[in-house]
1. Evaluated at 4 °C with a viscosity of 1.567 mPa s, what Stokes-Einstein diffusion coefficient in µm²/s does the chain have when Rh comes from the Kirkwood expression over alpha-carbon pairs?
2. What aspartates and glutamates sit close enough to Lys45 to cross-link, taking a C-alpha to C-alpha distance under 13 Å and skipping anything fewer than 8 places away on the same chain?
3. Treat each spin label as a single point 7 Å out from the Cα along the C-beta direction, and report the Asn16 to His99 distance in nm.
4. May I ask you to derive the relative contact order of segment 39-154, considering only C-alpha pairs under 8 Å and at least 6 residues apart, and to give it as an integer percent?
5. Please identify every one of the GluC sites (Glu not before Pro) in segment 85-151 that sits in a loop by DSSP and has no more than 14 other beta carbons within 10 Å of its own beta carbon.
6. Where a ≥ b ≥ c are the square roots of the eigenvalues of the C-alpha gyration tensor, would you call segment 1-44 rounded, which needs a/c under 1.5, or, failing that, prolate if a/b is larger than b/c, or oblate?
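Every read-out reported here was derived from the displayed coordinates using simple, explicitly stated rules and does not represent laboratory data. All values reported here derive from a predicted model rather than from experimental measurement. All Cβ positions, even for glycine, are placed from backbone atoms using ideal geometry, and neighbour counts span all protein chains on display.
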Amino acid sequence: MCLICDRIAMIQAGTNPYFVKELDTGYVVLGDNQHFNGYTLFLYKHHGDKTELFHLEPQERASFLEEMSLVAQAVSRAFGAEKMNYELLGNGDTHLHWHLYPRVSGDLEGYGNQGQGPVWWYPREKMYSDASRPTAAQLEEMKQKLLQELERLI
């Protein structure tokens, strides 16, 4: 099983504290680390041999992309993003999943050109440090904000 499949199994068992909402094609979860406040993932429901967008049937791909766009809109509204960044990589975990980063001015804290640039300019050891993990209370508040926006859109 892959890491994403493990997280989905936790959602299905009711034990994933980062789970926000199930949609037709995937699951909305907040990221474990929140250097970029509101960092969210949209996990495709199925793994198997569908590791690229072009592997999906056209209607499934359209639905997955449409839902991802709605999740991004909800994230932007819930967390006051000035700009959204989107990543669908799959080099580490081949399971299709989107990384959705709400961005605000200066969120790179002096890295890059005047604090602006791609998220991967920020040092990984800082982005994924324990200091960027939300408390249980913060996580619950973030989940509720995002869920409210999702329910307005979907």
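1. Here the translational diffusion coefficient equals 81 µm²/s.
2. Excluding near neighbours in sequence, the set is Asp6, Glu22, Asp24, Glu60, Glu67.
3. The answer from the label model is 1.7 nm.
4. RCO, segment 39-154: 28 percent.
5. In loop regions of segment 85-151 (DSSP not H, G, I, E or B), the sparsely surrounded GluC sites (Glu not before Pro) are Glu109.
6. Numbers: a/c = 1.70, a/b = 1.44, b/c = 1.18.
Judged from the Cα gyration tensor, segment 1-44 comes out prolate (a/c at least 1.5, a/b above b/c).
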